[in-house]
Amino acid sequence: DLTGPPEITSIDPSQVCDDGRAFTITGTFFTNTSVVEVDGSVANSVFIDTEHIDVTLPSNYGEGVYDVTVRNVDQCFGTATNSLEVVSSPLPFFVDPQVIYNGIDLQVTLFASDINDNVSSVNIVDSLGNETVVVFNYDPTDPNRVQFTVPAGLPSDTYSVYIEDILQCGDTLSSAFFI
(Lines give C-alpha, C1' and ligand atoms only; values in the text may rest on other atoms or scores of the structure.)
Protein backbone atom coordinates (compact mmCIF):
# COMPACT_ATOMS: atom_id res chain seq x y z
CA ASP A 1 0.00 0.00 0.00
CA LEU A 2 1.11 3.52 -0.72
CA THR A 3 1.28 5.76 2.30
CA GLY A 4 1.73 9.10 0.58
CA PRO A 5 2.14 11.01 -2.62
CA PRO A 6 5.17 10.36 -4.82
CA GLU A 7 8.29 12.14 -3.67
CA ILE A 8 11.32 12.80 -5.88
CA THR A 9 14.62 12.67 -3.99
CA SER A 10 17.05 12.85 -6.94
CA ILE A 11 17.42 12.94 -10.70
CA ASP A 12 20.49 11.36 -12.28
CA PRO A 13 21.97 12.85 -14.30
CA SER A 14 20.53 16.28 -13.58
CA GLN A 15 21.93 17.63 -16.89
CA VAL A 16 20.95 15.94 -20.15
CA CYS A 17 21.53 16.69 -23.83
CA ASP A 18 18.78 18.02 -26.04
CA ASP A 19 18.94 14.97 -28.30
CA GLY A 20 16.55 12.73 -26.37
CA ARG A 21 18.63 11.49 -23.44
CA ALA A 22 17.63 9.27 -20.54
CA PHE A 23 17.69 9.96 -16.83
CA THR A 24 16.55 8.15 -13.69
CA ILE A 25 14.24 9.51 -11.03
CA THR A 26 14.78 8.20 -7.51
CA GLY A 27 12.18 8.69 -4.80
CA THR A 28 9.33 7.01 -3.00
CA PHE A 29 5.77 5.84 -3.65
CA PHE A 30 6.09 5.33 -7.40
CA THR A 31 3.67 2.88 -9.05
CA ASN A 32 3.57 1.02 -12.33
CA THR A 33 0.94 3.56 -13.46
CA SER A 34 2.97 6.64 -12.48
CA VAL A 35 3.26 9.27 -15.21
CA VAL A 36 6.32 11.51 -15.52
CA GLU A 37 5.91 15.09 -16.69
CA VAL A 38 8.76 17.40 -17.64
CA ASP A 39 7.61 21.01 -17.43
CA GLY A 40 4.00 19.85 -17.78
CA SER A 41 4.49 17.56 -20.81
CA VAL A 42 4.32 13.78 -20.48
CA ALA A 43 7.67 12.07 -21.07
CA ASN A 44 8.36 8.42 -21.97
CA SER A 45 9.01 6.50 -18.78
CA VAL A 46 9.58 2.95 -17.57
CA PHE A 47 8.64 1.95 -14.03
CA ILE A 48 11.52 0.06 -12.40
CA ASP A 49 10.27 -0.24 -8.82
CA THR A 50 8.56 1.88 -6.17
CA GLU A 51 11.74 3.98 -5.85
CA HIS A 52 13.01 4.28 -9.47
CA ILE A 53 11.65 5.39 -12.83
CA ASP A 54 13.72 5.59 -16.02
CA VAL A 55 12.75 8.47 -18.31
CA THR A 56 13.66 9.26 -21.90
CA LEU A 57 13.38 12.92 -22.70
CA PRO A 58 11.96 13.67 -26.15
CA SER A 59 14.34 15.61 -28.38
CA ASN A 60 11.95 18.57 -28.67
CA TYR A 61 13.04 20.20 -25.42
CA GLY A 62 15.19 23.27 -25.82
CA GLU A 63 17.87 24.45 -23.46
CA GLY A 64 16.58 25.32 -20.04
CA VAL A 65 15.90 24.21 -16.50
CA TYR A 66 12.70 22.23 -16.03
CA ASP A 67 10.42 20.95 -13.29
CA VAL A 68 9.93 17.18 -13.12
CA THR A 69 6.69 15.72 -11.74
CA VAL A 70 5.69 12.15 -10.95
CA ARG A 71 1.90 11.78 -10.94
CA ASN A 72 0.11 8.64 -9.74
CA VAL A 73 -3.26 7.44 -11.06
CA ASP A 74 -5.02 8.86 -7.96
CA GLN A 75 -3.65 12.30 -9.05
CA CYS A 76 -1.31 12.51 -6.08
CA PHE A 77 1.96 13.95 -7.31
CA GLY A 78 5.41 15.08 -6.32
CA THR A 79 7.40 17.75 -8.13
CA ALA A 80 11.11 18.51 -8.13
CA THR A 81 11.27 22.18 -9.09
CA ASN A 82 14.08 23.32 -11.42
CA SER A 83 15.66 19.88 -11.15
CA LEU A 84 16.51 18.95 -14.76
CA GLU A 85 18.74 21.02 -17.01
CA VAL A 86 18.61 20.41 -20.75
CA VAL A 87 21.75 21.56 -22.57
CA SER A 88 22.55 21.85 -26.26
CA SER A 89 24.82 19.38 -27.96
CA PRO A 90 28.05 20.76 -29.42
CA LEU A 91 27.65 22.22 -32.87
CA PRO A 92 30.77 21.70 -35.02
CA PHE A 93 30.71 24.00 -38.03
CA PHE A 94 34.16 24.33 -39.65
CA VAL A 95 37.59 22.70 -39.85
CA ASP A 96 40.69 24.69 -40.80
CA PRO A 97 42.42 23.71 -43.04
CA GLN A 98 39.88 21.82 -45.11
CA VAL A 99 42.42 20.19 -47.41
CA ILE A 100 45.07 18.13 -45.60
CA TYR A 101 48.31 16.48 -46.73
CA ASN A 102 48.63 12.88 -45.49
CA GLY A 103 52.43 12.68 -45.44
CA ILE A 104 52.77 14.14 -41.92
CA ASP A 105 50.82 14.45 -38.68
CA LEU A 106 48.97 17.74 -39.04
CA GLN A 107 47.30 19.82 -36.38
CA VAL A 108 43.97 21.33 -37.46
CA THR A 109 41.35 23.46 -35.73
CA LEU A 110 37.71 22.52 -35.33
CA PHE A 111 35.40 25.47 -34.73
CA ALA A 112 32.31 24.60 -32.70
CA SER A 113 29.76 26.18 -30.41
CA ASP A 114 27.77 24.92 -27.40
CA ILE A 115 30.55 22.77 -25.92
CA ASN A 116 29.48 21.91 -22.36
CA ASP A 117 32.40 22.48 -19.96
CA ASN A 118 35.00 20.34 -21.71
CA VAL A 119 35.61 18.00 -24.64
CA SER A 120 35.85 14.26 -23.95
CA SER A 121 36.62 12.94 -27.44
CA VAL A 122 37.18 13.81 -31.08
CA ASN A 123 36.93 11.17 -33.81
CA ILE A 124 37.39 11.44 -37.54
CA VAL A 125 35.31 9.20 -39.78
CA ASP A 126 36.05 8.28 -43.39
CA SER A 127 33.39 7.84 -46.09
CA LEU A 128 33.10 4.11 -45.27
CA GLY A 129 32.35 4.80 -41.59
CA ASN A 130 35.76 3.82 -40.22
CA GLU A 131 36.51 5.87 -37.09
CA THR A 132 39.89 7.12 -35.95
CA VAL A 133 40.22 8.51 -32.41
CA VAL A 134 42.50 11.54 -32.58
CA VAL A 135 44.62 13.42 -30.08
CA PHE A 136 43.03 16.77 -29.27
CA ASN A 137 43.57 19.88 -27.19
CA TYR A 138 40.73 21.95 -25.78
CA ASP A 139 41.22 25.18 -23.87
CA PRO A 140 38.05 26.26 -21.99
CA THR A 141 39.26 29.87 -22.16
CA ASP A 142 38.86 29.63 -25.96
CA PRO A 143 35.59 27.66 -25.92
CA ASN A 144 34.82 27.61 -29.63
CA ARG A 145 38.03 25.92 -30.82
CA VAL A 146 39.30 22.39 -30.55
CA GLN A 147 42.69 21.55 -31.98
CA PHE A 148 43.29 17.97 -33.05
CA THR A 149 45.95 16.03 -34.93
CA VAL A 150 45.17 14.25 -38.17
CA PRO A 151 47.62 11.32 -38.22
CA ALA A 152 49.91 10.78 -41.19
CA GLY A 153 49.17 7.99 -43.60
CA LEU A 154 45.39 8.15 -43.74
CA PRO A 155 44.08 7.36 -47.23
CA SER A 156 42.72 10.02 -49.56
CA ASP A 157 39.05 10.49 -48.71
CA THR A 158 36.44 12.88 -47.38
CA TYR A 159 36.32 12.84 -43.57
CA SER A 160 33.68 13.83 -41.04
CA VAL A 161 34.47 14.92 -37.48
CA TYR A 162 32.52 13.76 -34.42
CA ILE A 163 32.96 15.75 -31.20
CA GLU A 164 31.64 14.76 -27.78
CA ASP A 165 31.68 16.90 -24.67
CA ILE A 166 32.03 15.98 -21.01
CA LEU A 167 28.23 15.43 -20.71
CA GLN A 168 28.42 12.90 -23.58
CA CYS A 169 26.56 15.30 -25.86
CA GLY A 170 27.91 15.04 -29.36
CA ASP A 171 27.44 15.92 -33.00
CA THR A 172 29.05 15.33 -36.38
CA LEU A 173 30.35 17.76 -38.97
CA SER A 174 29.90 15.89 -42.26
CA SER A 175 32.49 16.35 -45.02
CA ALA A 176 34.64 18.39 -42.66
CA PHE A 177 37.92 18.00 -44.57
CA PHE A 178 39.61 16.18 -47.44
CA ILE A 179 42.88 14.25 -47.57
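For this structure, a couple of remarks:
- Between the listed residues S41, V135, S14, the Cα displaced farthest toward the positive end of the dipole of the chain, a dipole computed from Cβ unit charges relative to the Cα centre, is found at V135.
- Local net charge near N118, Cβ-Cβ under 12 Å (Lys/Arg +1, Asp/Glu -1): -4
- Projected over every direction and averaged, the convex hull enclosing the alpha-carbon atoms of region 140-179 yields 3.5 nm².
- Listed residues V108, L154, P92: farthest to the positive end of the dipole of the chain (Cβ charges): L154
- Rounded percent of accessible protein surface that carbon and sulfur make up, region 120-164, 1.4 Å probe: 48
- GNM on the chain, alpha-carbon springs under 10 angstrom: the most fluctuating residue among S34, S45, S156 is S156.
- Region 1-47: relative contact order in percent, alpha carbon pairs under 8 Å with at least 6 residues between: 32
- Gyration tensor (Cα) of the chain, equivalent ellipsoid semi-axes in angstrom: 43, 14, 12
- For the chain, accessible area per residue (1.4 Å probe, heavy atoms of protein chains only), Å²: 52
- Applying a 4.7 Å Cβ-Cβ cutoff to the chain, the cysteines left without a disulfide-compatible partner are C76.
- Ranked by solvent-accessible area (1.4 Å probe, protein heavy atoms only, all chains present), the residues D12, D96 order from largest to smallest as D12, D96.
The values are calculated or read from the model by the stated rules, or taken from the named source; none is laboratory data. Everything numeric in this text was worked out from a predicted model, so none of it was measured. Every residue, glycine as well, gets a Cβ built from its backbone with ideal geometry; the counts of neighbours run over all protein chains shown. Surface accessibility is based on the protein's heavy atoms, side chains included, excluding ligands, DNA and RNA. Shrake-Rupley method; radii C 1.70, N 1.55, O 1.52, S 1.80 Å.
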